[in-house]
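Okay, so here's the structure we're looking at.
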Amino acid sequence: MDLVRLSFLQRLVRAAFVALFLAFAVLPLLWVISIALRPGSQSLYPISIIPSSLTLDNITGVLFGPKGIGLEPFRNAAFYGLSSALITAVASTLGGYALARYNMKSGEALLIVVLALSFLPSASRIVPLFILLSASGLYGTSQGVILAYAAGSTALGIWLMAGTFRQIPVRLEQAARIDGAGPFLTMRKILLPLAVPGILVVATLSFIDGWNSFSLPLILIPKANAQPYTVALQRYIQEVGYGINWPLLAAGSLVALVPVLAVFAILQRRLVRVGGLGAAIKG
Amino acid sequence: MVRGAFGRATPWLLLVFPLLLLFLFLLLPYLLTFYYSTTGATIGRLLNVKEVGLKNFQAVLSSDAPEFIGVLTVTAIFTVGTLLGSLALGTGLALALHTVRAGIRSALMAVYLIPWVIAAVVIGYTWRLMFDPAIGLANTALGAFGVSPIEWLTDKSTAMAALVVANIWAGYGIVLLVVSGALANVPPNIILAAQVDGASYARTVRRVILPAIRPTFLLAALVALVSGLNTFDLIYAMTRGGPLYQTETMALEMYRLTILKGNIGQGASVTVILFTISLALAIAYVVIWRREARKWT
């Protein structure tokens with residue numbers, strides 16, 4: 001039985017509302033795809049959402065062509081995302097376990113402060129990080145950006161992992177220890193396998209953050225060959241006049257969407273479940 | 001409780017790496033910013049800087065190109081517009097999906113959440129394309145009704161409207177996610193009881209469902225508020241604060257002063273102002289979050 005009874009009119013309004021905003025959600029992306037997949041000569045005229053002919057020229061153009069940004073910016077973004085995911089996963093697992101299994105009042109108080117800080121989105125960290133990395137000599141290195149992103153995702157990751165570990169019965173661990181397993185063996189054989197779903201979610205959210213990052217690499221990585229696609233795509237926008245190379249910009253954006261959408265499709269259920277709790281992840 | 005490998009020190013040993021990471025790359029940068037906001041540091045001179053007291057704040061507050069009050073107004077319009085739009089849309093969709101069968105619901109949810117995972121800067125490019133005077137969907141659609149092309153991003157009010165719409169697109173997903181989570185936790189019994197008592201759907205929503213999710217709703221509002229305040233990527237991709245600072249928010253001002261003008265001191269003082277506003281909201285967030293997290297885990 002349905003939870004609430006709706007009249008015919010209410011169903012109609014609901015259907016219209018859902019459909020209208022479904023269009024709002026997907027039309028912009030369809031427009032990008034449509035521009036990206038049509039021949040460059042048709043990008044100005046005729047304008048219609050369904051191109052009269054399809055081509056992959058823009059995609060290959062942005063990846064391999066003389067005017068393209070090449071594969072490197074995408075490789076760089078993947079490198080930042082994956083490194084940040086790895087560091088976040090390790091730090092969050094360690095911290096989450098400590099919080100879940102040991103009774104530490106001071107540690108928890110400290111982490112509440114950190115959670116508050118992590119809630120501040122990356123824009124207000126641009127200037128502070130620029131100052132820190134310039135003063136410490138990490139300016140222009142990828143380590144600086146990766147560690148900055150990992151730190152941003154770790155505070156929330158610790159909380160999510162603490163939740164994961166709390167759901168694993170402590171008796172499982174105690175049983176393993178009574179059977180003679182040491183703490184490290186218990187960790188490897190009992191705890192980590194059970195915590196994998198949680199770790200996967202934390203790592204995924206961190207990867208998406210790193211792959212999507214723009215403002216920090218824009219400012220912290222001046223070297224063109226180390227920049228991610230988000231920064232590299234800017235070359236298609238000339239600020240003077242309306243010199244925007246839309247076919248290549250749209251094609252580049254489309255390529256950039258593929259990994260996040262793939263990851264999202266695979267982990268969607270889990271992400272949605274913890275996403276509500278981890279509301280701060282996307283600032 | 002399980003005895004760790006290193007006795008009582010175990011939890012702290014486990015925390016060394018995460019806490020070090022958080023201290024160095026989250027806390028320390030902010031502490032440095034507070035210090036630098038009182039110095040005359042520039043991009044070329046970060047060490048041995050001169051103390052200038054509150055002069056940077058004075059300079060920022062009394063600047064006339066753009067006026068600080070103008071920047072504040074733009075920030076407020078952008079933030080409040082985004083906040084109201086994404087709250088209304090996210091909550092509306094969550095309520096609509098709540099009454100839909102589970103199978104259809106998760107399929108629709110997946111589509112609605114797509115913008116949530118896209119890079120803010122790509123969202124910026126996407127909407128810049130939508131509002132492109134020549135090949136954008138906005139003008140194409142209006143053109144069908146005989147409206148002549150509009151230069152959306154070069155006029156102050158239409159540019160602000162375009163930015164707000166784009167940021168609502170970027171931000172409603174998180175509200176949908178949070179509110180849906182809360183709706184799933186509302187006991188079906190109280191909803192059924194209201195129906196049995198003869199309450200209409202609208203009345204059930206107003207009197208039973210919305211009060212039940214109030215704390216989560218507040219949480220979603222705070223998230224939307226702080227992310228609106230700190231939006232940088234999207235505005236940078238769409239207008240860069242132009243035309244003539246007309247869409248320059250505090251986040252962009254921070255960037256312009258620090259990186260483009262090279263005035264670290266003034267950039268840091270804008271950051272301090274933005275940080276203080278955000279932190280106050282963040283503390284409220286953590287208080288609510290802690291209360292909610294207990295229910296979830």
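Structural remarks
- For the protein assembly as shown, with +1 on Lys and Arg beta carbons and -1 on Asp and Glu, the positive-most of A:V13, A:L29, A:V196 along the dipole: A:V196
- Checked against a 26 Å cut-off, the cross-linked pairs A:K223/B:K156; B:K50/B:K261; A:K67/B:K261; B:K156/B:K261; A:K223/B:K261 give Cα-Cα distances beyond that limit for A:K223/B:K156; A:K67/B:K261.
- Take every Cα pair under 8 Å whose residues are at least 6 apart in sequence, average their separation, divide by the length of region B:173-297, and the relative contact order is 22 percent.
- Three-way shape label, chain A, alpha-carbon gyration tensor, a/c 1.5: oblate
- Charge dipole (Cα centre; +1 on Lys/Arg Cβ, -1 on Asp/Glu Cβ; no other charges) of region A:75-224 amounts to roughly 160 debye.
- Within chain B, longest stretch free of exposed trypsin sites (Lys or Arg not before Pro) [DSSP loop, at most 12 other beta carbons within 10 Å]: B:102-297
- C-alpha long axis of helix A:105-118 to longest principal axis of chain A, angle in °: 0 degrees
- The amide H of B:V52, built 1.01 Å from its N in the peptide plane, has B:T39, B:G40 as neighbours under 5 Å, considering only residues 5 or more places off or on other chains.
- Scanning residues 5 or more positions from A:I244 or on other chains, those with amide H under 5 Å from its amide H are A:Q238, with H placed 1.01 Å from N in the peptide plane.
- On Cα atoms only, tilt of A:142-166 relative to the major axis of chain A in degrees: 50 degrees
- Formal net charge of residues neighbouring B:V270 (Cβ-Cβ distance under 15 Å; K, R +1; D, E -1): +1
- Taking the C-alpha atoms only, the angle from helix A:72-101 to the longest principal axis of chain A is near 20 degrees.
- Both the radius of gyration and Dmax for the protein assembly as shown are 24.6, 80 Å, in that order, over alpha-carbon atoms.
- Kyte-Doolittle at least 0.0, axis length at least 30 Å by Cα - qualifying DSSP helices, chain B: B:68-98, B:156-184, B:264-296
- Rounded to the nearest 20, the size of the Cβ-charge dipole of chain A about its Cα centre is 620 debye, with Lys and Arg at +1 and Asp and Glu at -1.
- Charges were assigned to the Cβ only: +1 to each Lys and Arg, -1 to each Asp and Glu. The resulting dipole of region B:74-262 about its Cα centre is roughly 440 debye.
- Considering only alpha-carbon pairs that sit under 8 angstrom and 6 or more positions apart, the relative contact order computed for region B:74-262 is 35 percent.
The numbers here are math on the coordinates, done by the rules we state, and not lab data. None of the values given here were measured: they were computed from a predicted structure. We place every Cβ from the backbone using ideal geometry, glycine too, and count neighbours over all the protein chains shown.
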